[in-house]
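Q: So that we are looking at the same thing, I have put the structure below in structure tokens.
The values are calculated or read from the model by the stated rules, or taken from the named source; none is laboratory data. Here the structure is a predicted model, which is why all the values come from computation and not from measurement. Cβ atoms come from the backbone with ideal geometry, glycine included; neighbour counts cover every protein chain shown.
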Amino acid sequence: MRIVTGPQLHVARFGDLTTRQLHDILRLRVDIFVVEQECAYPEIDGRDAEPGTEHLWIEVGDELAAYLRVLEGDGHAIIGRVATHPGHRG
């Protein structure tokens, strides 16, 4: 029997991500931006590993439901790479 828990928010810097978390995040981003939206720019742009970058994601049970990335700007935050798994859209 599988027990499903409520949504859990996670925040991490690049160096704190586990291999599994990084894989799941990149897979969701590629599935959404490259495959679904057919974006013609590189998805892995080198900004994920910048010192001030934060990765935020929501897991429902053991599934990655949503993700976004926050970059440091000149005195402001830049929110990008916002992606929601198709099964969690409303």
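Q: Collect the residues in the stretch 1-18 that are exposed (fewer than 11 other Cβ atoms within 10 Å of the Cβ), at pLDDT 95 or above and under 24 Å from R89 (Cβ atoms), keeping them in residue-number order.
A: Correct list: L9, V11.
Q: Kindly check whether there is at least one residue in the stretch 52-64 that is exposed (fewer than 11 other Cβ atoms within 10 Å of the Cβ) and of a type in the set (V, I, T).
A: No - not one qualifying residue is present in the stretch 52-64.
Q: Does I32 satisfy the condition of being surrounded by 12 or more Cβ atoms within 10 Å (Cβ to Cβ), on the phi < 0 side of the Ramachandran plot and assigned to a helix (DSSP H, G or I)?
A: yes
Q: For Q21, indicate whether it is among the polar types (S, T, N, Q), in contact with a His (Cβ under 8 Å, 6 or more places away or on another chain) and surrounded by 11 or more Cβ atoms within 10 Å (Cβ to Cβ).
A: yes
Q: From the residues in the stretch 55-73 that are under 14 Å from R27 (Cα atoms) and free of Cβ contacts under 8 Å to residues at least 40 places away in the same chain, which one is farthest from the chain's Cα centre (by Cα)?
A: Within the stretch 55-73, the match that is farthest from the chain's Cα centre (by Cα) is E63.
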